[in-house]
1. Keeping to region 239-252, report how many residues are modelled with pLDDT under 95 and not small (Gly, Ala, Ser).
2. Do we have any residue at all in region 472-495 that's of a type in the set (A, V, I, L, M, F, W, C) and not in a helix (DSSP H, G or I)?
3. Search region 500-527 for residues being of a type in the set (A, V, I, L, M, F, W, C) and open to solvent by 50 Å² or more (accessible area, probe 1.4 Å), and hand back the single one that is modelled with the lowest pLDDT.
4. So which of Phe338, Phe389 ends up being modelled with pLDDT under 80, exposed (fewer than 13 other Cβ atoms within 10 Å of the Cβ) and hydrophobic (A, V, I, L, M, F, W, C)?
5. Which strands (runs of 3 or more DSSP E) sit wholly inside region 1-55 and have at least 2 residues that are modelled with pLDDT of 90 or more, of a type outside the set (Lys, Arg) and under 20 Å from Ser174 (Cα atoms)?
6. List pairs: first in region 253-268 and more than 29 Å from Ile59 (Cα to Cα), second of a type in the set (Lys, Arg), Cβ under 7 Å, 6+ apart or cross-chain?
7. Just give me the residues in region 262-280 being assigned to a loop (DSSP other than H, G, I, E, B) and either modelled with pLDDT of 90 or more or in the same structural domain as Val98 (by the TED database) (or both), in sequence order.
8. How many residues does region 153-177 hold that are at pLDDT below 85 and in contact with a strand residue (DSSP E or B) (Cβ under 9 Å, 6 or more places away or on another chain)?
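The values are calculated or read from the model by the stated rules, or taken from the named source; none is laboratory data. Because the structure is predicted, anything quoted here is derived from the model rather than measured. Positions of Cβ are generated from backbone atoms using ideal geometry, with glycine treated the same way; all protein chains shown enter the neighbour counts. The area values use the complete protein model at the heavy-atom level, side chains included, leaving out ligands, DNA and RNA. Shrake-Rupley method; radii C 1.70, N 1.55, O 1.52, S 1.80 Å.
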Amino acid sequence: MSGHPRKKLAIGAFLIKFDMRTGNSLIWSKSQPGIEIDWEGVEFMAMPSGLHSRQSDVIRFVLSNPLERVTRTGSTRDRLLGDEAFGYLKNNIEGIAVFNQNFHRGDATTTRINVRSTIQMYSLGVLCTKSDSEISSKCWGFVDILTELLTTFMNLNQDNHQVHETLDFRPFESLLQYDDNGELQTLSLSPPRLSAKPLNLAPHHPILSTTELLVTYGPLIFEIWKAALLRDKILLMDKSNSISVDDMCKFVYIISVFGTVPNDVFDLIPRNKQHSLSTATNPIYNVNVSDITSLSHLKHFIATTTDEILLEKEYLYNMTVVKTGDRAIAATTSTTDFYGNLNTMPISAGFHDKRRFQILISGLGIETPHHTSGQSILAHVCSNISSLFSLTSLYGLLWWATAGEQANSDTDRYLEGLPLLTQTQVESSSHVAGQRASSYATESPYFNAISELSPPQPSATMEPWQISVIGYFQAKTRRIFETVASIVESQDQDQSETSLQTVISIEPPDLMDMGLDPISLRDHEFVVKFISLWWGRPARVNHVCC
């Protein structure tokens, strides 16, 4: 074969075991030929605290300092990854692991002594790289094969006292043989019980958890989205123990996509800011105590954690979103006080966002009861999705979530969000009811992973509305950038001399043009920070005069 071999999807694979006496340990690992990986800390990343209360789960994480932890060995001829493929390592290396244990809680025949002698807890995972054009790797495609291999391994090795050297890890080597299309390449020496099935990416795509995200955080999703646009450090946590780590990691991904800036909009900001900022957010998924040092050096991130101690490290984040029971409570870190202390203050969604969220949810056919648990709401969502999202209802959702919330205005200037579809398309949608949308305007190469799963005839698992919800937030992002760009350009033209210190003046109608609330102090603060971040200019918001 001439040229470089086809790029493999995973650069390494590993197996973590929890022992009641010694704790977490890495008992097997393997990397691609020509790649050497420092596996330190992976045993905690792939099996974070709190998993003992679950039968199974899926954990995503990011390997910090990849250039320091991953090196190439051997001659160029012997390397599996060429220079271009190895160049991907300058980006974050993402890991995914499937956790499973054999202890079933509530089993009356299980005693404490039996648990200590027979319990098995394992996490089997892989490390994957991503290119500059991807917001995330395709590591979620490994979930099914990881689950299959780990279940088989645990069934065959039920003796918890069996020494590691006698265990057969060869089937796991197949994890390193999948190419970037998810196809399993032929092995010269096939391990026993090797599954030849290709990876199935679609069923585990994080976007499929959009419903759960909206139900969990409610109108706070708009505050989280705005924090993502400000490139804040956002930390999510579930204290209710009702959401899997898998779903929390998917929430991180979805919020990251919501906060991504389309490339053409990115071109509106000054050139110097284009060099120092990025269109993409920084999802790092699940983090733990061992990540504190690396977190303190990051400029921005979106993450989730099971370690409550991280909430006490207020210098690590700008915003926390903590779910307790049926409520999602957000808190944001304020500026340093006179004594140099960091203070946190709770925030809640304003009337404007609550009203907008109710319209969005109503478009999904869901009534939001005040005293109904999240599980009941979610069950109601799932039971209605199949019948609600024909093309007609999809178009109706988008119209009611945008043009439907005019507040005594004769024009479309003050809509809550930019319409994704023209009125002609809305009116003509009745003629094609029941058909699926033929294409999705994802408008940014950072959504390629979604577009690949959404061909002209998308799979049954990828409903059109999930892509359109992304488009909804993308349109709102576009609206803010375009409005601010117009304001800055107009005011600079009116000034005989301008500089980076010239203050940009924002009037209440400007906020309405951005889809923000002109009487919300939080939205005032947001737009000032937004202009400072993306344009490098000071700004002030002129209050409504009585």
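1. Of the residues in that region, 3 qualify.
2. Looking only at region 472-495, we keep the residues that are of a type in the set (A, V, I, L, M, F, W, C), and these are 473, 475, 480-481, 484-485, 487-488.
Now restrict to residues that are not in a helix (DSSP H, G or I): none.
Scanning region 472-495 turns up no residue that is of a type in the set (A, V, I, L, M, F, W, C) and not in a helix (DSSP H, G or I).
3. First pass over region 500-527, keeping only residues of a type in the set (A, V, I, L, M, F, W, C): 500, 503-504, 506, 511-512, 514, 516, 519, 521, 526-527.
The next check asks that each one be open to solvent by 50 Å² or more (accessible area, probe 1.4 Å); those that pass are 500, 503, 512, 519, 521.
Details: Leu500: 75, Val503: 92, Met512: 91, Ile519: 89, Leu521: 90.
Here the answer is Leu500.
4. Values: Phe389 fails: exposed (fewer than 13 other Cβ atoms within 10 Å of the Cβ).
Step by step, each of Phe338, Phe389 is checked, and only Phe338 is modelled with pLDDT under 80, exposed (fewer than 13 other Cβ atoms within 10 Å of the Cβ) and hydrophobic (A, V, I, L, M, F, W, C).
5. On the way: elements: 10-19, 23-31, 35-37.
So the answer is 10-19, 23-31.
6. Taking only residues 6 or more apart or on different chains, the pairs are Val265/Arg478.
7. Kept after step one, since they are assigned to a loop (DSSP other than H, G, I, E, B), are these residues of region 262-280: 262, 267-270, 277-280.
Asp267, Leu268, Ile269, Pro270, listed by residue number.
8. 3
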